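Since the structure comes first, as structure tokens, the remarks are kept for the end.
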Amino acid sequence: MHADVLRAINVQINSEFSAWYQYLAMAAFCEREKFTGAARWLKSQSAEEYQHGMKLFDFVNARNGAVELTRIEQPTREFESFGEVFEAALRQEEAVTGQINALYELCFKNKAFAEMTELQWFLTEQVEEEKTAREIVAKFRLVGDDPGSLLDLDRELGQRTQP
Ligand code: FEO
């Protein structure tokens, strides 16, 4: 593997595992506040992020590169509201999209064709992840502080089944 590309993919592995940990912290917050549907959604999302990290982990090994795991920062654990949890989730997904785009550009410049193919999955995934987060944020903004509507939204979020 190209050294710069390998280094950048290792950074992305850290980013995906950081997202895993951040979503888990968000789930813990919602669970503690008995917003259990949202907690379930966030735990599922957390598990997805772990899979993203492992997908790159396995890819680097398949390419005979060296996986370098680094420290995961402490996640944000307190939020002003349930809506703010998902606002933060959307900001996180937008940041990850930027990282994937930059990584893809680096691979392109270095003619790292196998890595570009692998990253295409992530480009597609980010479109979906951003879309989902944006839709949830829009609903939170719509319902505001109305308790009944928030409970309905929590119930809806709790219906998520995958992964
Ligand atoms: Fe792994 Fe939510 O991006």
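For Ala19, work out the one condition from (1) near the ligand (Cβ under 10 Å from one of its atoms); (2) farther than 19 Å from Pro75 by Cα; (3) of a type in the set (A, V, I, L, M) it doesn't fulfil. Evaluating Ala19 over (1) near the ligand (Cβ under 10 Å from one of its atoms); (2) farther than 19 Å from Pro75 by Cα; (3) of a type in the set (A, V, I, L, M) leaves (2) as the failure.
For the stretch 31-51, a tally of residues being within 12 Å of the ligand (Cβ to nearest atom), surrounded by fewer than 22 Cβ atoms within 10 Å (Cβ to Cβ) and not hydrophobic (A, V, I, L, M, F, W, C) returns 5. Within the stretch 121-163, the residues that satisfy the criterion of being under 25 Å from Trp20 (Cβ atoms), in a loop (DSSP other than H, G, I, E, B) and out of contact with any Phe, Trp or Tyr (no Cβ under 8 Å at 6 or more places or on another chain) are Gln159, Thr161, Gln162, Pro163. Flag set for Lys55, criterion: under 22 Å from Glu105 (Cα atoms), of a type in the set (Lys, Arg) and either touching a helix residue (DSSP H, G or I) at 6+ places or on another chain (Cβ under 7 Å) or within 11 Å of the ligand (Cβ to nearest atom) (or both).
Report yes if some residue within the stretch 105-113 is within 16 Å of the ligand (Cβ to nearest atom) and at pLDDT 95 or above; otherwise report no. It would help to see each step written out before you state the result.
Step one: list which residues in the stretch 105-113 are within 16 Å of the ligand (Cβ to nearest atom), which gives none.
No, the stretch 105-113 contains no residue that is within 16 Å of the ligand (Cβ to nearest atom) and at pLDDT 95 or above.
Kindly provide the set of residues from the stretch 61-78 that are under 16 Å from His2 (Cβ atoms) and in contact (Cβ under 8 Å) with a residue 24 or more places away in the chain, ordered by number. Passing the criteria: Arg63, Asn64, Gly65, Ala66, Val67, Glu68.
The values are calculated or read from the model by the stated rules, or taken from the named source; none is laboratory data. In this text, all values refer to a predicted model and were calculated from it rather than measured experimentally. Neighbour counts run over all protein chains shown; Cβ positions are idealised from the backbone, glycine included.
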